[in-house]
Amino acid sequence: MNKKSAYLAGKTVLFMGFFLSFTACKKSVVTDPAPSNNFKQIQVDAAKGSGSDVMMQAFYWDVPQGGWWNTLNDKIPAWKAAGIGAIWLPPATKAQGGATSMGYDPYDYFDFGSYTQMGTKPTRFGDSTSLGKLITTAHNNSIKVYADIVLNHCSGGTLEANPYTNTSTYTKFTPLSGKFQRTYNDFHPNDIEAADEGAFAGFPDLCHKKANVSNWIYNASYSMSKFYKNNLHFDGFRFDYVKGYGAWVVKNFVNSVGGPAAVFAVGEEWDGNAANLQNWVDATEQTSSAFDFACFYAMHSAFDTNDLTHLNDDMLLKRNAARAVTFVSNHDTDITTNKYAAYAYIMTHEGYPCVFYKDYENLLDKNRMNNLIWIHKNLAGGTTTNLYSATDQYIDRRNGYGTLPGLIVYFNGSDNWQQQWVTSNWANKKIKEYTGASNWEPTVAADGRVLIQVPPHAYSIWSVTGL
């Protein structure tokens, strides 16, 4: 949910050319090489990596009107090659703002650009045909598609007398799809409930305990959940503003279409407290993930205030990695300045990383981003162990799992090259740095010890050679 509106609306690289071999407990003489900015573009198809998926938030606020579904459709093959495994779309149905709306003011939950209402036939993003084509193209490229679902409130109703408020309210909804008609009985207050967990910006607030509402959202055979899953073939759902209603609504929605084994779900529980995020996931009975706002704020503190110890802060990914969706920025909030470091963090750590379209396509170096996605898909696996933590240096080790060898990621917040002896999970193996930040290829000692380095204000990522 966008909180800023009410909805209506290569440098040359110098290498020293030396390769060092290290033995345990004996530190070789090291000469600092010249800084490297040659972040590699991995040529291997990242989509073939065995690591977990990377999600793309496939929109930003106020995308161009009229052909967004077609724009995304053309990008699918390149995203597949980069290693993107899922795309999250904006709300795809007709909203009060019609062709100008980003969809977060929902009017007709079953109009994907087929009916002329709210001043337009297509939505801001296109019509139902172009949406269907996009979903098919994504599936043909083994990319899942997630729908953005706004269940807290509605917008665009007409005035009707409301006996529960003794006023006239904009609560009469007669959408041209003929589906999910609503009146004052379906909103708060009503005869069974005065309010629920939260309302937003004065919009009519849905009462999910009403049979008409629950039937149309998830209970009945004709419900939104089943139509989106079985007719449109969405693979999962992002739930907007879940602070506004009970977690049981998300649980019932997901379970109505087969549960977590059949669809993916993630909720926008906007809370920087990891315990609160975990509590919400628990309240859904583990049917939904949550965006890891605790990780988001910790990375901002760590990378933008020059105190890397904030990476020790509590995060959902440290409590429940399987239910943590990590991100650097999105359509609502974009506060982190050192985005490369933040993306390096989420791509090397546990959780389900989400890439913001505007970062990937418009703001950041796509080669560097693809490099991090490749690392996530081909190296990052297993549990995480912290190896070193200080204000200006931070080192974590992913311990490897299955075919994924694991990695060591080294963050440097200082003005100088740094190096540290660390204990790896490898013995008598040659390792290398996978971003181009260093040209060292040291050999790990029999006890796992190895010396690694990192340039000023940068990150380096290390793993075994030969990948």
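The values are calculated or read from the model by the stated rules, or taken from the named source; none is laboratory data. Note that the structure is a prediction, hence the values are computed from the model and not measured. All Cβ positions, even for glycine, are placed from backbone atoms using ideal geometry, and neighbour counts span all protein chains on display. Just so you know, the surface numbers come from the protein's heavy atoms only, side chains and all, with ligands and any DNA or RNA stripped out. Shrake-Rupley method; radii C 1.70, N 1.55, O 1.52, S 1.80 Å.
Given the structure, is residue 194 over 28 Å from the mean Cα position of the chain (by Cα), in a loop (DSSP other than H, G, I, E, B) and farther than 17 Å from residue 149 by Cα? Yes.
Residue check: residue 365 meets all listed conditions (1) more than 17 Å from the chain's Cα centre (by Cα); (2) charged (D, E, K, R); (3) crowded, with 24+ Cβ neighbours inside 10 Å but one, namely (3).
Each residue in the stretch 426-436 was checked for being polar (S, T, N, Q) and open to solvent by less than 20 Å² (accessible area, probe 1.4 Å), and 1 of them qualify.
Here 340, 345 are screened, and the one residue that is open to solvent by 10 Å² or more (accessible area, probe 1.4 Å), of a type in the set (Phe, Trp, Tyr), under 23 Å from residue 54 (Cβ atoms) and not in a strand (DSSP E or B) is 340. At pLDDT 50 or above, part of a loop (DSSP other than H, G, I, E, B), open to solvent by less than 30 Å² (accessible area, probe 1.4 Å) and touching a Phe, Trp or Tyr at 6+ places or on another chain (Cβ under 8 Å) - does that describe any residue in the stretch 27-44? No, that holds for no residue. Scan the stretch 123-167 for residues that are open to solvent by 50 Å² or more (accessible area, probe 1.4 Å), over 25 Å from residue 183 (Cβ atoms) and of a type outside the set (Asp, Glu) and the total you get is 7. Of the listed requirements (1) under 27 Å from the mean Cα position of the chain (by Cα); (2) at pLDDT below 95; (3) not charged (D, E, K, R), residue 23 misses just one: (1). When residues of the stretch 390-425 are filtered for being over 16 Å from residue 437 (Cα atoms), of a type in the set (S, T, N, Q) and open to solvent by 20 Å² or more (accessible area, probe 1.4 Å), how many remain? Adding up the residues that qualify gives 5.
Out of the stretch 443-465, which residues are assigned to a loop (DSSP other than H, G, I, E, B) and closer than 25 Å to residue 340 by Cα?
The initial filter retains those residues of the stretch 443-465 that are assigned to a loop (DSSP other than H, G, I, E, B), namely 444-448, 455-457, 465.
Passing the criteria: 455, 456, 457, 465.
Kindly check whether there is at least one residue in the stretch 407-428 that is out of contact with any strand residue (DSSP E or B) (no Cβ under 6 Å at 6 or more places or on another chain), modelled with pLDDT of 95 or more, assigned to a strand (DSSP E or B) and not aromatic (Phe, Trp, Tyr). No, there is no match, as no residue in the stretch 407-428 is out of contact with any strand residue (DSSP E or B) (no Cβ under 6 Å at 6 or more places or on another chain), modelled with pLDDT of 95 or more, assigned to a strand (DSSP E or B) and not aromatic (Phe, Trp, Tyr). Among the residues of the stretch 283-304, is there at least one that is within 25 Å of residue 397 (Cα to Cα), modelled with pLDDT under 95 and open to solvent by 50 Å² or more (accessible area, probe 1.4 Å)? No, the stretch 283-304 has no match at all. Here is a check on your reading of the model: is residue 250 open to solvent by less than 10 Å² (accessible area, probe 1.4 Å), under 18 Å from residue 228 (Cβ atoms) and assigned to a helix (DSSP H, G or I)? Considered against the rule, which asks whether it is open to solvent by less than 10 Å² (accessible area, probe 1.4 Å), under 18 Å from residue 228 (Cβ atoms) and assigned to a helix (DSSP H, G or I), residue 250 comes out as yes.
Scanning the stretch 205-215 turns up no residue that is surrounded by fewer than 21 Cβ atoms within 10 Å (Cβ to Cβ), in a loop (DSSP other than H, G, I, E, B) and among the aliphatic types (A, V, I, L, M).
Tell me which residues, restricted to the stretch 230-241, are closer than 20 Å to residue 290 by Cα and either open to solvent by 10 Å² or more (accessible area, probe 1.4 Å) or acidic (Asp, Glu) (or both).
Selection gives 235, 240, 241.
Number of residues in the stretch 69-81 that are open to solvent by 10 Å² or more (accessible area, probe 1.4 Å) and either under 24 Å from residue 225 (Cα atoms) or not charged (D, E, K, R) (or both): the value is 6.
Looking across the stretch 180-204, the residues that are out of contact with any His (no Cβ under 8 Å at 6 or more places or on another chain), open to solvent by less than 70 Å² (accessible area, probe 1.4 Å) and charged (D, E, K, R) come down to 182, 186, 193. Exactly one residue among 331, 376 is within 29 Å of residue 251 (Cα to Cα) and open to solvent by less than 10 Å² (accessible area, probe 1.4 Å), and that residue is 331.
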